[in-house]
Amino acid sequence: MALLVKKVCSSVRPWLPVVQTWDLNARRWVRALRRSPLKVVFPSGEVVERNRSPRKQPREGASEAAHPQVQRPKQPLQMSPSHTPSTWEEAGLRYDKAFPGDRRLSVMTIVKSRPFRDKQGKILLEGRRLIADALKAGAVPKVLFFSRLEYIKELPVDKLKGVSLIKVKFEDIKDWSDLVAPQGIIGIFAKPDHVKMTYPETQLQYSLPLFLICDNLRDPGNLGTILRSAAGAGCSKVLLTKGCVDAWEPKVLRAGMGAHFQVPIINNLEWETVPNYLPPDIRVHVADNCGLYAQAQMSTKASDHGWMSDRRFLKFHKFQEEDLETGDSKDWLPEIEVQSYDLDWTEAPAAVVIGGETHGVSLESLQLAESTGGKRLLIPVVPGVDSLNSAMAASILLFEGKRQLRLRVEHLNRDRSYR
């Protein structure tokens, strides 16, 4: 038995080195396949040389992970030459990356306060399109916060010189934004001056002798929509009297959809200075039908014919006085002719006064309409309907004025062709 075991062991031993040698050769072949050869020699004697592949560059994230405490300097905004003729390097633009606890992040919390913006003359713009429109119109940016470089690269290079560009996390943008879906970029701008703005050439080309005066408009959404309609109708100018909501409030800017940078807007005016911003031969019309004369001439119930509600009639009682001897009441309201809105009222440069839904138009607007030969413009509605939205009424009147002016120009061209 012992002899049999020895024979088996002696027969097994020679095979062990063979197995190990085969395993080593296999590993060598695998390593050889992984390598990229520098020279290949074929059996025919042909030699083919191959270029050595470049070594892999270390990843940027790995270096940052190895040195987390080292702050990177300002980085250039690289851009493809096809996007803009001047590169970011030529313009000398750089951006900073804000880290947690950066003091510059607290600026947004302060700027969101309206008293601070009014005192410092700053406005907040959010969204790529709104910021791009502001830059094209000549608005002056101070600071731009963005979460992705692509958002900054879409903006014109020449408008960003001297601007503080700060890259932040998208979570910070979400905390600052009032939108449900933030767009990843917010800018702090100087409050624009209509005299220094550059409005689009197409807007100036289609501008009409049509003006809009906002009186006691206090709803941001309504004012933004009215400004958008004014830009669409081709108004020459929009005037806002004291008592209106600030045209540069964030909610008004969002509702305006860029209209602030397409039509001149003059804010916070006293009624005594309003004529200074209008042509001398203008006629000011009032979109209101709740005065005493409107009731007497059009209907026993003013709200049956216009967009103002019955309760606003009460505010005009304070402009009446009663004769103690005869008992007759004498009104102080200016005498203004009442006219349907679809009749011609654009024979001269025209301005339309739109009042707020709560307080209506002021006595000063009626006096201005009387002094310029203006009229009350009524928009008939179905009896029983309380009122139309102020923005809706303004849109109807502005585009009706545009229609009348277009027809007037067509008639003039037709008469010239006959001559």
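Ranked from largest, the principal axis spans of the Cα set of the stretch 155-295 equal 60, 31, 25 Å. The Rg/Rh ratio for the stretch 87-192 is 0.93, where Rg is the radius of gyration of the alpha carbons and Rh is the Kirkwood radius. Applying the Karplus relation 6.51 cos²θ - 1.76 cosθ + 1.60 with θ = phi - 60° to the stretch 123-129 yields 3J(HN,Hα) values of 9, 10, 10, 10, x, 5, 5 Hz, where x marks Gly and Pro.
In this label model, Asn389 and Leu179 are separated by 2.0 nm, measuring between points 7 Å along each Cα→Cβ vector.
From the alpha carbon centroid of the stretch 123-192 to that of the stretch 199-278 is 23 Å. Please get the size of the charge dipole for the stretch 87-192, origin at its Cα centre, with Cβ charges of +1 on Lys and Arg and -1 on Asp and Glu, quoted in debye to the nearest 20. In debye, rounded to 20, the stretch 87-192 gives about 320.
Got a sec? Charge dipole of the stretch 178-292, +1 on Cβ for Lys and Arg, -1 for Asp and Glu; which of Pro275, Cys235, Leu212 is way out at the positive end? Highest projection toward the positive end goes to Cys235.
Please give the peptides 108-121, 261-274, 149-162 ranked by average Cβ packing (other Cβ atoms within 10 Å per residue), highest first, as a rough proxy for protection.
On the way: 108-121: 13.2, 261-274: 17.7, 149-162: 15.1.
Descending packing order for the listed peptides: 261-274, 149-162, 108-121.
Panel note: the C-alpha atoms of the stretch 164-236, placed on their principal axes, show extents of 47, 28, 19 Å (largest first).
Residues in the stretch 87-192 average 51 Å² of solvent-accessible surface per residue, probe 1.4 Å, ligands and nucleic acids excluded. Modelled label positions at Glu201 and Asn268, each set 7 Å beyond Cα in the direction of Cβ, lie 3.5 nm from each other.
So for the stretch 212-271, considering every pair of alpha-carbon atoms, how many percent are separated by more than 19 Å? It would help to have the intermediate numbers written out before the result.
Values: 256 of 1770 pairs.
The proportion of pairs with Cα distances above 19 Å equals 14 percent.
The values are calculated or read from the model by the stated rules, or taken from the named source; none is laboratory data. These numbers come from a predicted model, not from an experiment. Glycine also receives a Cβ, built like all others from the backbone with ideal geometry; neighbour counts cover every protein chain displayed. Note: areas computed on protein heavy atoms with side chains; ligands, DNA, RNA excluded. Shrake-Rupley method; radii C 1.70, N 1.55, O 1.52, S 1.80 Å.
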